[in-house]
Amino acid sequence: MLSVLRKIVQEVSAAPDLESVLDLIVRRIQRAMRTQVCSIFLFDPVHQRYVLRATQGLNQEAVGKVSLSMTEGIVGQVGKRAEPINLEDASRHPAFHYLQATGEERFHAFLGVPIIHHRSVLGVLVVQQMEHRRFDESEEAFMVTLSAQLAGIIAHAEATGSVNMEPVASPDKTGTEKVPPVVVHDKRFNGVAAAPGVAIGEVVIATVTAELETVPDKPARGVERELEDFQAALESVRDDLSTLGKSLAQRLRPEEQALFDVYLRMLDDTALRGEIEKRIHQGQWAQGALRDVILAQVQQFSRMEDAYLRERATDVRDLGRRILSYLQESAGPVQMECPDNAILIADELSPAMLGMVPEEKLAGLIAVSGSGNSHAAIMARSIGIPTVMGVVDLPFTRLEGRKVIVDGYSGRVYVNPSDQLLEAFERVIRDEQAVAAGLEGLKDLPAETTDGYRMPLWVNTGLVADVTRSLDRGAEGIGLYRTEIPFMIRDFFPSEQEQLQSYRNQLEAFAPRPVTMRTLDIGGDKALPYFPIEEDNPFLGWRGIRVTLDHPEIFLVQVRAMLRASEGLNNLRIMLPMVTSLHEVEEALRQIDRAVEELQDEGYQVSRPPVGVMVEVPAAVYQVRRFARLVDFISVGSNDLTQYILAVDRNNPRVAGLYAAYHPAVLRALQYIARETRREGKPVSICGEMAADPGGALLLMAMGYEVLSMNANNLPRVKSAIRGVSLVRAQSLLSRVLRMADAEEIHQYLRETLKGLGLGQLTRPHLPNQQ
Ligand code: PEP
Ligand code: MG
């Protein structure tokens, strides 16, 4: 049964639209289960009814016309209870509702299972049989398993259809007449709030070089031109392959050489070429036509029984990518076509992608994967671009040029917004601008509570633009310079000289204010294209200090560059990420001492700077006093600490709702770290995102954190919160919060408190469409 199940899922996921998806499902299930009927009812949220959308066995004319209310029939019961109903004779069930148009009167046995996606019921999958019998347990289990797997595919196909603005069958209450097609306005997609703010703009898709899946739909720029580009790309690939084949001829075995022939034959395959050209004639641009045809072939090959033929899927994809990279070359860079208010959408956001749109034109960001505490999200917050991530159902390749609203507060995206919704969100943007303008005056004022407690506010940097932004906002130091970010937008490790230059820029711009440079923290969700780390569990793997201690050549070069950059300025501090054991700190300190000695021997005027440890894993929490004895300061990385205490991947949208910065366990750990470090007489600071939240900042100040380091963008808000409260009040807020048992309750309480203090403008604004 497992292979049948797999095959159905594979086949269905390759279907081009919702209608074919549903049609395939009912046909395949009916055959696999040898039943007389298989039907799908999908829930129509506009009319609040379950509509028959596909059937095998009932009258086809009833499709799209027949529907049941949420409380009607056994289908309604399955939906309401969100569990299967298995009946020997459906007509004897009290909820039975006879649907005349379907011709179902002949069928007695009934099994209905809910189709559930992200906790909501999308519809009901039904099988029926003439005889009186209960479907057996294995049949029920098979249907439940299939339904769970198909739910995501149906949701995706439904979403794609709705943004395509295809006709949607809208049944009337009596369920007999088709209503004319409607254009779907305000189609909402849920994701994870990643950077606050609202943006309205036009979609630009971040295409990844030679990645077929990220090619957007676009109209042809003229059929002739597209055909020419396509021909030229084919020729170039043909030349490449024959050159490659010749140069490798001596080194390849005959069967490997045969692969080149296979590729060349595929290029000459008139059917493949013809299919792509046909789509171009229909108005698709060459890249989109190539994507459709190649991906369909890949699907076909990967479904084949024969292992050899299945392998061909890889060859077709490879060939497609080769052609695509030539097409991308001839199409030129994305910047050329950027609208003024660009909303950049990517499957996976990377720092390099931000450069695809000129800064002044970038209004919002959307990513299909990733979550609110991923590094891409942190960067988005630091540049102040409203961002929604983890919008897993978004058919993003269909959205090029479409108008969308990005609600970075609630983590929602609206496609094809109505005038009414646009107006409501425009109002939010105007209010936000007014709040930001009101905060500008704080730049030169101290972050001082009403009872005179002075709280230093530092910034986290990484992007070049962060420096100016930070100084503009009145930052008093850098609490975290993420050195890996400049490493990520390159093709190989930067040399000592290159590193020196960028570190010098930071140190000089901030001198005499302190600049805390973190040694390279790669791994987890921060990959270097030229140093790939492939792991099943990257956040528990080779990350941060673990990598650099294994590669002293990388560590030493970096530390030497930092030390040389600080010559004559003396405002450098070095910080070690992802530390779990004492011996890691000892070893890192030895390396730093070695670098200092080497440089002194070479004649540089350098000395050992203050060195600190980041507390980011639970193991470090419980050894914090030992660490504090060894180093000069402790800084808490609450982003990682939260993910490790709660065992929630900070990058995974599926569990984003469980990532709770105000979880009581996290707050207790933070309080413990501050108290223990202070007992050792060492300074303790925090550089995680929690410090950037006005409510969080008040709690951290009350816990005894001596420096709060945050993204520059949020600094004015945090300053405003601190200036609006007394330390005593913050302390009583903390003790109240520490008695609470639930993260959401704490969050809510913080919001209410800020409002009560007259600081409501620092919390999330009132947003339209929140139901
Ligand atoms: C943290 O983990 O809180 C932190 C500041 O480091 P990063 O977000 O870069 O992992
Ligand atoms: Mg971290």
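Here, each number is a calculation from the coordinates, and none is a lab measurement. Nothing here was measured: the structure is a model prediction, and the numbers come from that model. Cβ placement follows ideal geometry from the backbone for every residue including glycine, while neighbour counts extend to all protein chains displayed.
For this structure, a couple of remarks:
- Listed by chain and number, the lysines whose C-alpha is less than 17 Å from the C-alpha of Lys361, apart from same-chain residues fewer than 8 away, are Lys403.
- For Thr387, nonlocal amide neighbours, meaning residues 5 or more places apart or on other chains whose placed amide H falls under 5 Å from its own, are Ala194, Ala195, Leu365, Gly408.
- Each 5 Å bin from zero holds the following percent of Cα-Cα pairs in segment 1-126: 2, 11, 20, 26, 22, 12, 6, 1.
- The phi torsions of segment 695-711, fed into the Karplus equation with coefficients 6.51, -1.76 and 1.60 and a -60° offset, translate into couplings of x, x, 4, 5, 5, 5, 4, 5, 6, x, 5, 8, 9, 10, 10, 8, 5 Hz, rounded to whole numbers, with Gly and Pro shown as x.
- Radius of gyration, Dmax [segment 307-407; alpha carbons; angstrom]: 16.2, 51
- Legend: calculated FRET efficiency, His551 to Asn505, from the Cβ-Cβ distance at R0 = 25 Å, rounded to 0.05, equals 0.50.
- Close amide-amide hydrogen proximity is noted between Ile478 and Val459, Val515, Thr516, each under 5 Å apart and 5 or more residues distant or on a separate chain (H modeled in the peptide plane; Pro and chain starts excluded).
- Angle between the chain longest axis and helix 727-738 axis [Cα atoms, degrees, rounded to 10]: 40
- Paramagnetic reach from Gln420 (point 7 Å along Cα→Cβ, amide N under 20 Å) across segment 29-65: 44-49
- Taking other C-beta atoms within 10 angstrom as a stand-in for reagent exposure, Cys338, Cys687, Cys38 fall in the order Cys338, Cys38, Cys687, fewest first.
- With contacts taken as Cα pairs under 8 Å at a separation of at least 6 residues, segment 498-610 carries a relative contact order of 33 percent.
- Axis angle, to the nearest 10 degrees, between helix 307-331 and the longest C-alpha principal axis of the chain: 60 degrees.
- Extension gain, Val223 back to Asp17 (0.36 nm per residue minus Cα-Cα distance, nm): 71.7 nm
- Rg/Rg_globular for the chain, with Rg_globular taken as 2.2 N^0.38 Å and Rg from C-alpha atoms: 1.08
- Whole-number percent relative contact order across the chain, with pairs defined as alpha carbons under 8 Å at least 6 apart: 10
- Alpha-carbon radius of gyration plus Dmax, which is the widest Cα pair, for segment 664-771 in Å: 14.0, 51
- Taking the Cα atoms of segment 397-475, the ratio Rg/Rh between the radius of gyration and the Kirkwood radius comes to 1.13.
- Here the dipole of the chain is about 2040 debye; that uses its Cα centre as origin and unit charges on the Cβ of Lys and Arg (positive) and Asp and Glu (negative).
- Residues listed by number, segment 532-547, amide nitrogen under 19 Å from Arg490 label point at 7 Å toward C-beta: 532-533, 544-545, 547
- With eigenvalues of the C-alpha gyration tensor scaled by 5 and rooted, segment 494-584, Å: 26, 14, 11
- Projecting the Cα atoms of Phe110, Ile722, Tyr503 onto the charge dipole of the chain, computed from C-beta unit charges around the Cα centre, puts Ile722 farthest toward the positive end.
- Extension gain, Arg34 back to Thr450 (0.36 nm per residue minus Cα-Cα distance, nm): 142.2 nm
- Proximal aspartates and glutamates relative to Lys682, as straight alpha-carbon distance under 18 Å, when same-chain residues fewer than 8 apart are discounted: Glu586, Glu616, Asp632, Glu706
- Enclosing the Cα atoms of segment 639-682 in their convex hull gives a volume equal to 59 cubic angstrom per residue.
- For segment 592-685, the Kirkwood estimate of hydrodynamic radius, built from reciprocal distances between every pair of different alpha carbons, is 14.9 Å.
- In percent, rounded to a whole number, the relative contact order of segment 634-771 is 23, using alpha-carbon pairs under 8 Å and six or more apart.
- The alpha-carbon atoms of segment 426-545 define a convex hull whose volume equals 183 cubic angstrom per residue.
- Among Met575, Met353, a tally of other beta-carbon atoms within 10 Å of each Cβ gives an order, fewest to most, of Met353, Met575.
- Per-residue [θ]222 nm for the chain (sum of -39500 (n - 2.57) over DSSP H runs n ≥ 4, rounded to 500): -14000 deg cm²/dmol
- Ordering of 198-207, 232-241, 317-326 by packing [mean C-beta count within 10 Å, highest first]: 198-207, 317-326, 232-241
- The alpha carbon convex hull volume per residue for segment 492-536 rounds to 88 Å³.
- In degrees, nearest ten, helix 223-248 long axis to first principal axis of the chain (Cα): 70
- Put in line by how crowded their Cβ is, counting other Cβ atoms within 10 Å and starting with the fewest, Arg629, Arg560 read Arg629, Arg560.
- Global size of segment 532-669: 16.9, 54 Å for Rg and Dmax (C-alpha atoms, Rg to one decimal, Dmax whole).
- Length gained on full extension, Asp89 to Arg608, computed as 0.36 nm times the residue gap minus the Cα-Cα distance: 178.6 nm.
- Taken along its three principal axes, the alpha carbon spread of segment 366-418 comes to 29, 19, 19 Å, from the longest extent down to the shortest.
- Among 98-105, 710-717, 87-94, the order from most to least packed when residues are scored by Cβ within 10 Å on average: 710-717, 98-105, 87-94
- Inter-label distance, Ala437 to Arg723: 1.8 nm, where each label sits 7 Å from its Cα along the C-beta direction.
- Size of segment 441-494 from its Cα atoms: along the principal axes, largest to smallest, the extents are 51, 19, 10 Å.
- Taken along the Cα-to-beta-carbon direction at a fixed 7 Å, the label points for Val144 and Glu311 span 4.0 nm.
- Two-site FRET efficiency, Ser69 against Arg27, from Cβ-Cβ distance with R₀ of 30 Å, rounded to 0.05: 0.60
- Inter-label distance, nm, simple model (7 Å from Cα along the C-beta direction), Val46/Arg238: 4.9
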